[in-house]
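The values are calculated or read from the model by the stated rules, or taken from the named source; none is laboratory data. Predicted model only: the values in this text are computed from it and were never measured. All Cβ positions, glycine included, derive from the backbone under ideal geometry; neighbour counts span all protein chains shown.
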Amino acid sequence: MIKVSPWVALLCIVVGVIALGAGSALADEGELLYKKLHTFVFQIKTSKSADAPKLSYGSGFVVNKEGYLLTNYHVISSKVHDEDDNYKVYVVIDDKNYEAKILGFNIIHDIAVVKIDKKFDRALTLKREAPAIGQEVYSLGLPQDLRMAIVSGTYNGVISDGPYERVFMTTPINSGMSGGPTVNSRGEVIGVNVSHLIGSLNITFSVPIGHAMLLLQEVLARKEEFALKNSYALIGEQLKQIQNSLLKELLTSKSTPPIVAGWMLASVPETLKCWGKNTTSKKKQYQAIDHFCHLKNAAYLENGNYSGSFELQYTVLENLTLSSLQFYRKISSVLASDDGLENIFLSLFDKTIQSKYACDEMVIVNPHKISFKIATCFAALTKYQDLYKLHFKAITLNRGNSYLLFKGEFNGISKENSKRFLEHHLARISFDDDGGKR
Amino acid sequence: MKFVLKLKLKDDPQFVFHQHWEKVRLTIGSSAKNDVVLDGGEIKDFQAEIVYDGSKFILRYLDSDGGSKILEGAREEFFIANYQLEFMPISSSEQETELLPLTTSAGGTLSSRSSGRGDLWYYLDPQEVSKVNLKYLASYVILILLLLLFNSYIDAALDSEGVRDLLVNFLSLSLIISLFTAATSLVLKVVCSRFQYFTILHHHMKVIVLFNLLIVFTSPLLFNINSNWGMFLVSSMLTLSFLLFTFYGYARLLFPRVMKWKLAAFISLLYSVVLVGINIYDAYDYEDKNYSLGFEAFLPLRAYSESQYPMSSLSSSIEEQIFDVIEYRNKIIEKKEKYANKNERIYP
């Protein structure tokens with residue numbers, strides 16, 4: 001029989017009681033917050049009429065006694081793009097549908113302000129200061145068109161992904177809770193529920209409330225009524241902000257330029273997520289070194305379409321044992337099997353989103369005397385002026401045992417920024433003779 | 001008047017020649033539709049006419065509308081693809097018609113049979129036919145296999161995969177080329193038996209195939225070395241067949257006495273030389289002022305064939321593309337505004 005000291009037993013009992021107490025306190029906290037907040041969180045839906053089936057839905061919460069609510073832009077995007085004026089936005093309060101007016105939105109941060117014709121006694125408190133990492137936070141909303149729910153998780157700080165900022169947390173947000181509030185333990189709103197990482201377990205995000213507060217201030221300060229027919233111009237301006245911010249980072253990045261198998265490349269800002277991979281062929285005849293960077297986030301537009309995304313890939317093909325002719329053939333077959341720009345040029349497209357592509361190919365020489373064969377394809381975004389999709393592919397033409405393939409795509413970039421980006425990146429590519437050539 | 005048929009066969013064993021004693025009736029091929037019937041000098045069918053000008057018979061073909069229009073000039077070689085024909089009148093007082101021996105340039109023998117109704121049929125011995133065919137067929141096959149072996153060797157030598165893939169390349173290409181050649185032959189054969197114009201080329205099909213082989217044999221030097229061998233060979237043979245078909249046919253039609261097969265072969269060789277010349281010119285390296293070694297010059301990634309521009313030229317290229325896509329966008333918007341109503345959103 002195991003002998004246990006009485007002091008140890010007493011310690012265990014005390015610890016057990018404290019734990020139970022803490023658990024109970026947490027449970028109480030959730031319960032209290034729910035009671036305090038749920039009367040300010042509602043479902044927001046888009047439908048043809050109040051009684052018609054929903055086209056889309058999400059959540060929203062009261063931020064002003066005059067009937068202003070915050071939600072996500074993607075919750076009301078169907079209405080923003082409703083050119084035929086077939087749909088309306090409603091806020092459902094106690095089974096009653098209140099038609100809402102869209103007063104403003106920001107696609108970069110995926111937030112929107114709507115207003116209904118109802119006054120409230122109070123509104124939720126918005127708190128710009130973030131909690132400490134590890135603190136408990138709660139998300140409210142109506143998941144899966146069920147009923148109001150409150151879920152809890154941990155606050156893990158703010159993540160920057162280019163121009164996009166997100167609160168990283170672990171509250172299990174589900175569809176339908178988008179647009180609902182994320183609150184701290186005092187019930188102060190620190191974010192707007194926005195998304196979860198697909199395939200993950202409870203990696204979820206909300207928009208830092210600071211961005212929502214700026215939008216709300218802008219809406220309240222605006223004297224003229226917001227006209228939905230100007231939405232496309234507004235979205236276009238916001239998309240330009242995204243790419244200007246991204247371009248600024250790409251062109252002024254001070255991080256150390258990467259060197260891949262002797263090729264010196266342009267700096268990549270730390271906000272981009274990058275991956276690398278080395279593959280050697282079966283008989284160790286050549287190796288392929290991939291370097292891939294992209295923005296994890298993008299701006300949602302409508303109907304599953306996104307913009308403001310960016311991808312960049314460098315692939316170095318290095319010859320190990322092949323003759324130069326054999327290596328040339330390998331390069332050719334790699335290029336031929338690559339998803340070529342020919343596919344993009346020939347692919348079907350939706351005219352309401354973009355025009356058809358115009359492509360061109362040429363050979364250029366950069367200041368380091370590296371020749372590139374570069375192909376570029378542009379398509380205009382139909383709804384937004386001076387914004388384009390850009391796909392490009394460049395391959396170096398140096399004779400030798402190392403080739404660099406550089407390709408990427410921008411979704412939502414202006415003409416001037418395209419030129420600046422391509423010239424900047426191509427000009428910085430050079431080859432280290434000592435490190436690279438055999 | 002009685003006639004005797006004197007002819008010199010070349011190498012098409014499928015023809016059957018039917019000689020009537022009383023009428024001159026020339027059957028070309030195996031169909032009675034090709035008959036030419038003379039009855040006391042009057043033409044009773046529409047393929048051609050045979051006219052006796054007092055010293056010899058001239059065979060001329062009629063216009064294709066089936067009328068009685070007579071085309072100028074003696075064009076018997078166009079009408080009858082594989083042989084020359086000469087009719088000889090004989091005195092009506094002679095009791096027997098002397099049958100002249102018929103020979104073929106292919107070296108076979110002819111036999112004759114009587115149908116029992118006063119007609120005489122001439123046949124080329126079927127066994128002779130087989131031997132004749134086999135000789136040509138064997139030479140074609142050997143040529144094709146040599147070509148494929150050569151191409152596969154080049155392919156494998158440049159590839160990193162080795163001898164095993166040489167054999168795989170060789171076998172797969174053999175299959176593709178064999179199928180293609182068989183299909184082309186079948187199509188040509190069917191077409192040739194129906195249309196008068198095509199009989200010209202049926203006769204020269206052998207030459208056309210040889211031209212193709214010549215071009216394709218030199219293809220590793222002429223074109224970029226391409227990993228997609230099968231498609232490259234098939235497409236180049238199709239293109240060349242068509243070009244040579246058209247060129248050769250018209251040339252022979254317009255200049256029958258001038259455009260012999262040797263001339264056509266020379267032109268094809270000239271074509272090959274010109275193509276090689278263009279590629280060598282392309283291979284000139286402007287920077288190093290020399291030519292690249294070996295096949296490197298013909299590879300698709302070569303910079304030497306294209307002008308190189310400074311980085312600033314990229315800007316002009318982008319401007320042009322943007323100009324184009326703005327036009328595409330404007331067209332989309334114009335179409336939309338055409339059907340727009342007052343509620344619809346206007347694109348900026």
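When we screen A:E99, A:E83 for residues that are farther than 23 Å from A:L37 by Cα and not aromatic (F, W, Y), the only hit is A:E83. Taking region A:347-366 only, how many residues are in a loop (DSSP other than H, G, I, E, B), surrounded by fewer than 19 Cβ atoms within 10 Å (Cβ to Cβ) and more than 7 Å from every other protein chain (Cβ to nearest Cβ)? Summing the residues that are in a loop (DSSP other than H, G, I, E, B), surrounded by fewer than 19 Cβ atoms within 10 Å (Cβ to Cβ) and more than 7 Å from every other protein chain (Cβ to nearest Cβ) in region A:347-366 gives 6.
I'd like to check something: does region A:301-315 contain any residue that is aliphatic (A, V, I, L, M), within 22 Å of A:A394 (Cβ to Cβ) and in contact (Cβ under 8 Å) with a residue 60 or more places away in the chain? Yes: region A:301-315 contains one or more residues that are aliphatic (A, V, I, L, M), within 22 Å of A:A394 (Cβ to Cβ) and in contact (Cβ under 8 Å) with a residue 60 or more places away in the chain. Taking the criterion of being closer than 22 Å to A:V75 by Cα and over 23 Å from the mean Cα position of the chain (by Cα), the residues of region A:133-150 that qualify are A:D145, A:L146, A:R147, A:M148, A:A149, A:I150. Among the residues of region A:111-132, those that are in a loop (DSSP other than H, G, I, E, B) and either within 17 Å of A:V91 (Cβ to Cβ) or modelled with pLDDT of 95 or more (or both) comprise A:D117, A:K118, A:K119, A:F120, A:D121, A:R122, A:A123, A:L124.
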